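Asker: Structure below; questions to follow.
The values are calculated or read from the model by the stated rules, or taken from the named source; none is laboratory data. Since the structure is predicted, the reported quantities are computational estimates derived from the model, not experimental observations. Please note: Cβ atoms are built from the backbone with ideal geometry, for glycine as well, and neighbour counts cover all protein chains shown.
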Amino acid sequence: MPLDRAGLTSRETCTRSHGYPAGCPNIGVHRFDITVNCDPYLRARARLSGMTSRPTDLPDFASPPIGEVSLGVQFNSLEGLLAPHLGLIWADFRASFPLLEQHPPLLPVFETFTNGGTPSLIPQLQILTSVPTPRVFFINSDRTELLQVQRDRFHHNWRKVAEGVEYPRFEKMLGTFEAGLTHLTKVIADIGLGQIVPNQCELTYVNHLTVPAGTKQSDIFAALLKPWLKAPMLSDLGAAEDGRVMLRYIIRDKAKAPIGRLTIGAEPARKLDGTDIVQMTLVARGKPKGDALGDVSEFLKLGRRHIVKSFDEITSPEMHKIWGKK
Amino acid sequence: MSTAQALDQWSWSDSIAAQTIDAALRAPMAVSTSMLGRTDVGFVPEWVNVFQQRIAELHGLRRDWDGRGSAAVRPDALFFAYSVLGQSMAPATVAPSVIPLGHGGVQMVWSSADADVEVEVVQPNEVIIYHLDKASGTEREWHAATEFSDLSTLLRAVFTR
């Protein structure tokens, strides 16, 4: 369905009652301008529709091998938020995200730094509570986009559910994320649960790099990535059976202070249809400069810059041709 | 295995996308542990067990746990404290005493004949560190958000066996 300038489809469905005994008179499919007046989340999305443009200096691919993208923020835990509140929150997102799933909550993650480098390898901290408040997915009708909400996180994901589905691009996803977070902040305040205070931002790109036909297992990384990574042949054992890559880089602000990390992981995997791939996951995570929505967005934009540039720098020119580098 | 489950084991590996829903993500890289005795890597430091036991006690404290209007202990402060320790401590650094505070944060304290160190975690990204050098009588207090180099140097020099 075509999008108008506000990023809305030209016809949307209102499913809310708005206090009318017989339901909202706009129930049913109608023009978006009426719908905007009905649905709080869509109103927020329309208000924030000034989509930022793609930076011209970033590498661009016509067909990037992206399988999933997630924009997220972790905030100080809203201990008063209980499962029933998630239902109240969903009511405002339901028109755009009508499907619902429930999952265990994600644990908090923080990027901290010392000049000593690698931290101790320690188990994840688990704090057991009798009834953990769940993480809920609000999913759109074609299951390509979702919002995740839990006590201390808000995420917006896009995922490639079938070949031919086009990645909507970061700028549009950021618009959806900002509108969602803005409206969530308002709902949380209206319910009386407090304020959202962001403490970490997180941007994730999951890429599915299809292994070129005829490539030996030992040469997969060399074929997909630049020649810096080629598993050595051992005199007794020959070629490596497979391997994994994990790289971490520190993200710094203008004053060179560490504010986050870029983590790049690559490992062999197999799609549901049996196709061999290398799954490359790039995660930019760190502390926003302040508590405002603009600070969260700024970190996500910075993370996107580092992810796109590093992806371009570590993947091979041969693969760039396949992905249609402009 | 879901991504979240796969990444529950080791916090170092959780820098991979824990929030994604892609089914292709698999188990994290694990570090082998010697079955013969203690090694330099691959074992759970003693301070981790001590800290986790203490956290289990503190998490049960509800609002007004001290009868003076104190806030309940904040789980996000506990997680952040654990992250600071994981970044700052050597495996053989001694565990701190962990004390709940009225504002919901926690204080971690190390004490020896040479020095006292107190780390107050008010909330994530808001930490106050105090150091007393008993030999010289020198005191220092500073605020930290994400960078803990000085704390790490101190703990590794004075409180590591």
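Asker: Please work out which residue is farthest from A:I307 (Cα to Cα), limiting yourself to the range A:166-208 and to residues that are outside any helix (DSSP H, G or I) and of a type in the set (D, E).
Answerer: A:E166
Asker: Here is a further query. Keeping to the range B:48-76, report how many residues are in a helix (DSSP H, G or I), at the interface with chain A (Cβ under 9 Å from one of its Cβ atoms) and within 24 Å of A:V131 (Cβ to Cβ).
Answerer: Qualifying residue count for the region: 6.
Asker: Go through the range A:73-95 and give me each residue that's touching a residue at least 60 places away in the same chain (Cβ under 8 Å), of a type outside the set (D, E, K, R) and in contact with a strand residue (DSSP E or B) (Cβ under 8 Å, 6 or more places away or on another chain).
Answerer: Pass one, the range A:73-95, residues touching a residue at least 60 places away in the same chain (Cβ under 8 Å): A:73-81, A:85-86, A:88-89, A:91-95.
Still in the running and of a type outside the set (D, E, K, R): A:73-78, A:80-81, A:85-86, A:88-89, A:91, A:93, A:95.
Matches in the range A:73-95: A:V73, A:Q74, A:F75, A:N76, A:L86, A:I89, A:F93, A:A95.
Asker: Taking B:L154 and the conditions (1) crowded, with 22+ Cβ neighbours inside 10 Å; (2) within 12 Å of chain A (Cβ to nearest Cβ); (3) not polar (S, T, N, Q), which numbered condition does it fall short on, given that it satisfies the others?
Answerer: If we test B:L154 against (1) crowded, with 22+ Cβ neighbours inside 10 Å; (2) within 12 Å of chain A (Cβ to nearest Cβ); (3) not polar (S, T, N, Q), just (1) comes out false.
Asker: Looking only at the range A:135-149, filter to residues that are surrounded by fewer than 19 Cβ atoms within 10 Å (Cβ to Cβ) and more than 12 Å from chain B (Cβ to nearest Cβ); which one of those is modelled with the lowest pLDDT?
Answerer: It comes out as A:D142.
Asker: Looking for something closer than 30 Å to B:L58 by Cβ, surrounded by 12 or more Cβ atoms within 10 Å (Cβ to Cβ), within 12 Å of chain B (Cβ to nearest Cβ) and within 15 Å of the chain's Cα centre (by Cα) - is there at least one such residue anywhere in the range A:155-165?
Answerer: There is at least one residue in the range A:155-165 that is closer than 30 Å to B:L58 by Cβ, surrounded by 12 or more Cβ atoms within 10 Å (Cβ to Cβ), within 12 Å of chain B (Cβ to nearest Cβ) and within 15 Å of the chain's Cα centre (by Cα).
Asker: Would you point out which residue out of B:D114, B:D76, B:D66 is crowded, with 21+ Cβ neighbours inside 10 Å and not small (G, A, S)?
Answerer: Working: B:D114 fails: crowded, with 21+ Cβ neighbours inside 10 Å; B:D66 fails: crowded, with 21+ Cβ neighbours inside 10 Å.
Exactly one of B:D114, B:D76, B:D66 is crowded, with 21+ Cβ neighbours inside 10 Å and not small (G, A, S), namely B:D76.
Asker: Kindly evaluate A:V109 against the criterion of being over 23 Å from B:S83 (Cβ atoms), crowded, with 19+ Cβ neighbours inside 10 Å, aliphatic (A, V, I, L, M) and within 13 Å of chain B (Cβ to nearest Cβ).
Answerer: It is false that A:V109 is over 23 Å from B:S83 (Cβ atoms), crowded, with 19+ Cβ neighbours inside 10 Å, aliphatic (A, V, I, L, M) and within 13 Å of chain B (Cβ to nearest Cβ).
Asker: For the range A:87-113, give me each residue that is aliphatic (A, V, I, L, M) and under 27 Å from A:G286 (Cβ atoms).
Answerer: If the condition is that a residue be aliphatic (A, V, I, L, M) and under 27 Å from A:G286 (Cβ atoms), then A:I89, A:L106, A:L107, A:V109 are the ones that fit.
Asker: Quickly run through the range A:172-192 and pick out the residues that are touching a His at 6+ places or on another chain (Cβ under 7 Å) and farther than 15 Å from A:H156 by Cβ.
Answerer: Scanning the range A:172-192 gives a single hit, A:I191.
Asker: When you scan the range A:240-250, do you find a residue that is modelled with pLDDT of 95 or more and surrounded by 16 or more Cβ atoms within 10 Å (Cβ to Cβ), even just one?
Answerer: No, the range A:240-250 contains no residue that is modelled with pLDDT of 95 or more and surrounded by 16 or more Cβ atoms within 10 Å (Cβ to Cβ).
Asker: Residues in the range A:310-321: is at least one over 30 Å from A:F75 (Cα atoms), within 14 Å of chain B (Cβ to nearest Cβ) and of a type in the set (K, R)?
Answerer: At the first step, the residues of the range A:310-321 found to be over 30 Å from A:F75 (Cα atoms) are A:312-321.
Pick out the ones that are also within 14 Å of chain B (Cβ to nearest Cβ) and you get none.
No, there is no match, as no residue in the range A:310-321 is over 30 Å from A:F75 (Cα atoms), within 14 Å of chain B (Cβ to nearest Cβ) and of a type in the set (K, R).
Asker: Using beta carbons and a limit of 8 Å, which pairs, at least six apart or on different chains, have the first residue in the range A:258-276 and at the interface with chain B (Cβ under 7 Å from one of its Cβ atoms) and of a type in the set (S, T, N, Q) and the second one surrounded by 12 or more Cβ atoms within 10 Å (Cβ to Cβ) and not in a strand (DSSP E or B)?
Answerer: Qualifying pairs under 8 Å: A:T263/B:S15; A:T263/B:I16.
Asker: Let me ask something else about it. Which one of A:T263, A:T215, A:T275 is hydroxyl-bearing (S, T, Y) and in contact with a strand residue (DSSP E or B) (Cβ under 6 Å, 6 or more places away or on another chain)?
Answerer: Going through A:T263, A:T215, A:T275 in turn, the sole match is A:T263.
Asker: Something else now. Among the residues in the range B:140-147, are any without any contact (Cβ under 8 Å) to a residue 40 or more places away in the chain, surrounded by 15 or more Cβ atoms within 10 Å (Cβ to Cβ), within 14 Å of chain A (Cβ to nearest Cβ) and in contact with a His (Cβ under 8 Å, 6 or more places away or on another chain)?
Answerer: no
Asker: Related question: Name the residues in the range A:188-227 that are of a type in the set (A, V, I, L, M, F, W, C), out of contact with any helix residue (DSSP H, G or I) (no Cβ under 8 Å at 6 or more places or on another chain) and either over 28 Å from A:L300 (Cβ atoms) or within 14 Å of chain B (Cβ to nearest Cβ) (or both), would you?
Answerer: A:V197, A:V206, A:A213, A:I220, A:F221, A:A222 - these are the residues of the range A:188-227 that are of a type in the set (A, V, I, L, M, F, W, C), out of contact with any helix residue (DSSP H, G or I) (no Cβ under 8 Å at 6 or more places or on another chain) and either over 28 Å from A:L300 (Cβ atoms) or within 14 Å of chain B (Cβ to nearest Cβ) (or both).
Asker: Out of all the residues in the range A:249-282, which are of a type in the set (V, I, T), closer than 18 Å to A:E111 by Cα and in contact with a Ser or Thr (Cβ under 6 Å, 6 or more places away or on another chain)?
Answerer: A:T263 - this is the single residue of the range A:249-282 that is of a type in the set (V, I, T), closer than 18 Å to A:E111 by Cα and in contact with a Ser or Thr (Cβ under 6 Å, 6 or more places away or on another chain).
The rows are residues; the columns are (1) in contact with a Pro (Cβ under 6 Å, 6 or more places away or on another chain); (2) over 23 Å from A:V109 (Cα atoms).
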{"site": "B:Q53", "(1), (2)": "no, no"}
{"site": "B:W65", "(1), (2)": "no, yes"}
{"site": "B:A90", "(1), (2)": "no, no"}
{"site": "B:M108", "(1), (2)": "yes, no"}
{"site": "B:I128", "(1), (2)": "no, no"}
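Asker: Of the numbered conditions (1) at pLDDT 95 or above; (2) closer than 20 Å to A:F113 by Cα; (3) within 13 Å of another protein chain (Cβ to nearest Cβ), A:D295 satisfies every one except a single condition; which is it?
Answerer: Just one mismatch for A:D295, condition (2).
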